Amino acid sequence: MGDDAVSEPDVAGLLRDHDGPLRAYLARRLRNRHEVDDYVQDVYVRVLSSRSTKKVESWRGLLLRIASNLLIDRKRRDTVRRRDDHIPVEAEGDLLDENGHSPERTLLAKEELATLSQALEALDPRVRTVFLAVRVEGLSLREAGARVGVDDKAAARMVERAVALAARSLLKLDEGTL
């Protein structure tokens with residue numbers, strides 16, 4: 001069968017036969033190679049929704065003409081919307097802070113820090129002193145306990161109590177119940 005007028009069931013085969021030249025035509029004219037598939041699909045949609053496919057004499061010519069019309073439509077649309085004047089939104093990597101954290105991660109960290117700060121403030125001052133001495137200053141349990149007048153076992157229980165409170169507070173934050 002040539003490029004003559006064909007019946008509807010042969011349209012899909014003819015589209016496959018001319019897929020390569022259509023893709024090559026679009027690839028030469030588009031800046032973004034990833035758009036080729038979208039344009040090919042749009043061409044196929046227009047062909048398949050057309051009621052006059054039985055009268056087509058040159059399928060390649062028809063496909064290239066539809067592709068050309070789509071490109072012209074895009075150019076007109078881009079001109080009206082002044083697409084070339086648009087400033088692209090920065091990629092996610094451009095939004096990272098100096099430590100490589102996204103704005104979302106920074107916000108979450110600030111919320112966690114505020115939650116932990118509130119939990120520490122809720123602690124008994126002696127427990128807070130022991131906890132900070134062990135976890136922040138790096139003192140031993142014996143040294144931290146000596147600051148508040150308790151032995152190392154009592155200091156260990158104080159640190160455990162503080163850690164448990166901090167964990168519960170963060171869990172509530174994650175669950176959204178704070």
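Before moving on, here are some points about what is shown:
- Any hit, the range 158-168, residues being loosely packed, with under 14 Cβ neighbours inside 10 Å, assigned to a loop (DSSP other than H, G, I, E, B) and not basic (Lys, Arg): no
- Listed conditions (1) surrounded by 15 or more Cβ atoms within 10 Å (Cβ to Cβ); (2) without any contact (Cβ under 8 Å) to a residue 40 or more places away in the chain are all met by Arg77, apart from (1).
- When Ile66 is tested against the conditions (1) part of a loop (DSSP other than H, G, I, E, B); (2) at pLDDT 90 or above, the lone failure is (1).
- Pick from the range 85-122, criterion at pLDDT 70 or above and β-branched (Val, Ile, Thr), ranking: farthest from Val163 (Cα to Cα): Thr106
The values are calculated or read from the model by the stated rules, or taken from the named source; none is laboratory data. These numbers were taken from a predicted model, which means no experiment stands behind them. Quick reminder, even Gly has a Cβ in these numbers, built from the backbone with ideal geometry, and neighbours come from all protein chains shown.
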